[in-house]
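Only the coordinates and a few stated rules stand behind these numbers; no lab work does. Only a predicted model underlies this, so the values are computations on that prediction, with no experimental measurement involved. Ideal geometry is used to build each Cβ from the backbone, glycine not excepted, and the neighbour counts take in all protein chains shown.
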Amino acid sequence: MEELKILSPGQRLRKLRKKLGLTQAELASNNISKNYISMFENGKRPINMINATYLADTINNKAKEKNIDINITPSYFIKTERDIAKELCDKSLERVSNNNKLNKYNKYRELYKAIYLAEKYAFTDLLAKSLKLKGKVLYKNGLYFCAITHLQKSLLYYFKEGDNKGVYNSYVAIGKSYFMDQNYHMAIVYFNLASKYGNEDNMLYFKALCYYKKGQYEVAKGIIDKIIFKDERVLELEKKISNII
């Protein structure tokens, strides 16, 4: 994808300059020389906020004269490639998380971008989040095996980050994926793992549900009895078990 090729600050200036049909000399002034612009574009010289402000204002004014829609800020020439990559990664995750109208193809496209950038620029926290989110999208589409694969990968990065909440949520999501795939034994394994990092009552409910599905009603009842705070779903399952035993 061309959009995943992130330009250096100098390359960004060169791209805009050529889009406007300007030479380096035409962009220069008494305060910023053609040689400075050349060295900046070639990554041989850094830029400060004063010069970045001048370049942004000049580019915006030249674009306005040519009726070209460009409106950039000085930070565009200050931000590093990692800064831009992180912004793009965050935007992709936000689109998938908050846009219910996004179709399946575009969700996978955005998640591919987020995972690619997070891996390339070593954003461990964003990589964990991207993999978990893709696992959840795959789960919603009924692709449980693929969901488990991505969720298990997310666990590795959550452990690296020391993010116990992320570990808990991934364990739960893997357990649910195995449950939907009717592999109740593995679902119980992951719900047990999740119970070490989060809501014990919630995991007891899921484990009881697994044993209920396996036809082990006495075991399911024993687990239900351990739940302290029983919500509607727990009470419903308890009633179903009571009607059988």
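Rounded to the nearest 20, the Cβ-based charge dipole of the chain about its Cα centre (Lys and Arg +1, Asp and Glu -1) stands at 700 debye. Value of Rg to Rh for segment 1-108, rounded to two decimals, is 1.06; Kirkwood radius and Rg both from alpha-carbon coordinates.
For segment 141-211, trypsin sites (Lys or Arg not before Pro) are listed when DSSP marks them as loop and at most 14 other Cβ atoms sit within 10 Å of their Cβ; the list is LYS196.
Remark: segment 131-234 carries a charge dipole of roughly 280 debye about the Cα centre, counting +1 on each Lys and Arg Cβ and -1 on each Asp and Glu Cβ. Distance from the Cα centroid of segment 14-57 to that of segment 71-135 is 29 Å (rounded to whole angstrom).
Other residues with beta-carbon under 15 Å from the beta-carbon of ALA25 carry, at +1 per Lys or Arg and -1 per Asp or Glu, a net charge of +3.
Quick note on segment 40-96: its Rg to Rh ratio, both from C-alpha atoms and Rh being the Kirkwood radius, is 1.07.
Compared with the rule-of-thumb size 2.2 N^0.38 Å for a compact globular protein, segment 105-245 has a Cα radius of gyration ratio of 1.16.
In the structure shown, do any of LYS153/LYS240; LYS86/LYS136; LYS101/LYS226; LYS15/LYS160; LYS134/LYS240 have a Cα-Cα gap over 31 Å, and if so which? The answer is LYS153/LYS240; LYS101/LYS226; LYS15/LYS160; LYS134/LYS240.
Using the Cβ-Cβ distance between SER33 and TYR112 with R0 set to 51 Å, the FRET efficiency from 1/(1 + (r/R0)^6) comes to roughly 0.75.
For the chain, the 222 nm mean residue ellipticity estimated from helices alone, with every DSSP H stretch of n ≥ 4 adding -39500 (n - 2.57) and the total spread over all residues, rounds to -22500 deg cm²/dmol. Given the chain, what whole percent of its Cα pairs are spread farther than 23 Å? In whole percent, the share of Cα-Cα pairs in the chain beyond 23 Å is 63.
Take the Cα of LYS101, step 7 Å toward its Cβ, do the same at LYS140, and the gap between the two points is 1.5 nm.
When the chymotrypsin sites (Phe, Trp or Tyr not before Pro) in segment 177-245 are filtered for DSSP coil states and for at most 14 other beta-carbon atoms within 10 Å of their beta-carbon, the remaining sites are PHE229. Taking all Cα pairs closer than 8 Å and separated by 6 or more residues, the relative contact order of segment 42-139 comes to 21 percent. Excluding same-chain neighbours fewer than eight residues apart, the lysines reachable from LYS18 by a Cα-Cα span under 25 Å are LYS5, LYS34, LYS44, LYS62, LYS64, LYS66, LYS79. Shape annotation for segment 113-189: C-alpha extents along the principal axes are 38, 25, 13 Å, from largest to smallest.
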